[in-house]
Amino acid sequence: MKRIAVFGATGQVGRAIISRWARSRNTQIVAIVRNEFGALGLKGLPNTEIRTGDPANADSVAELLEGCDAVLNSALATGLPNQSRALNRAMVENSAEVARRAGRLRAFVQLSSVAVYGFPVAERKGDFTRPQPATGYGRDKLYIEEIVRRSFTSDSCPGHVVRVGHVLGPYQGHSRGIIAQLFDPSFQLPFDGSKPSNAIHVDHLAFALRALIDQRGSSNCFNAVGDGNPTWHQVFEDHARTVGTKMPRSMSPEESSQRRAAELAKLRSSRMVQAARDTLRPAVSAFVSAFASSPAIRDLGHEVLVRAPRSAESAIKRAYTSWSARDQTSAVSSSPQTDVPPWYYWDGVPGPNLLERFNVQQELTAAEIESDLKAWASAMANPL
């Protein structure tokens, strides 16, 4: 029996993986939590030992990992950037030190994210070996990947990186979001859901990670997405069937392409420019609205325009006319359009897929997955 320690045991993904592994007779799980409160949701699981300690403290980690054969790190410290990066780095480096000193650890697996690719589309530079994250979350994940590569250099305890896709399944945020969108009449699915989802069911992820831990060899890096990378249309169909509702409306190809181009344009701007634009846009809109509705401001504006050159007056009039048209068009639109997450416009992520490497898709039937998801959805809809 292999004993596997799990950092991040109380997170959505970590807890779900532990729940799946706990059903296996050949796995003893050591769920690592910071305090007794975090342990409450894990008590009662079979084949699971709960250990409390500080993963950022070297002495504590040595005790937490005592007797363990492998480590799965699904934790991500958040908060002030420098402080959280130091904590994330310490978890990895302390585990590597235990591997060097004790000599028992045979594998370290770091859960990263497809967010390291930023906006994975053909028009954007970046590939599997040189990803370009577009968010702080993606940059933090890529930073941890580099710490893993530097810390685990021996084949006796390889340090694997798994870039996990959008995780689906009971209690997972992406499944919650999809179900909410299915019941949102304003939601429209871009490109009729034809884009690859880069998504993975949490149970398939658990099976693939267990197979990776059992593998002997050098450190490696994989993506973890569904077998064949199913489209968003397929993912939405599965969820719609589970909760007994119809598919959402499709966004027109023209609007889908426009929104996709807008998301790409954001990436071409620097983060400072994006932040300034997002901050100033509502302020400018509020000022123009006040200018248009306040008699005192209109009177003052009139006096300014009377004294301004005719060219300046014409430019201001054109700008106001354009703003007014956009504002009125937005106000009379048939229904407000729900914000659409950018990953609905993505292409497939580049690089090798963990599920295809270990062929774990056959380990779990579609009926079993749908049954679990249906039970959870029913409980979510009828909490009492």
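Each value in this text was obtained by applying a stated rule to the coordinates, not by laboratory testing. Since this is a predicted model, take the numbers as computed values, not measurements. When we count neighbours, we look across all protein chains shown, and the Cβ atoms used for this are built from the backbone with ideal geometry, even at glycine.
Tabulated results
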quantity	calculated
For region 205-250, alpha-carbon Rg and Dmax in angstrom	16.1, 47
Restricting region 58-116 to trypsin sites (Lys or Arg not before Pro) in coil, as DSSP defines it, with at most 16 other Cβ within 10 Å	Arg104
Ser219 long-range amide H proximity, modeled H, under 5 Å	Gly159
Karplus-derived HN-Hα couplings along region 69-76 (A = 6.51, B = -1.76, C = 1.60, θ = phi - 60°), whole Hz, x at Gly and Pro	9, 7, 10, 10, 9, 10, 7, 8
Cβ-Cβ FRET estimate between Arg25 and Lys246, R0 fixed at 45 Å, reported to 0.05	0.60
Column: log10 I(q)/I(0), Debye, Cα scatterers of region 1-93, q = 0.19, 0.20 Å⁻¹	-0.84, -0.93
Whole-number D in µm² s⁻¹ for region 92-231, Kirkwood Cα-pair radius fed into Stokes-Einstein, 25 °C, 0.890 mPa s	147
Region 31-150 shape via C-alpha gyration tensor axes, a/c threshold 1.5	prolate
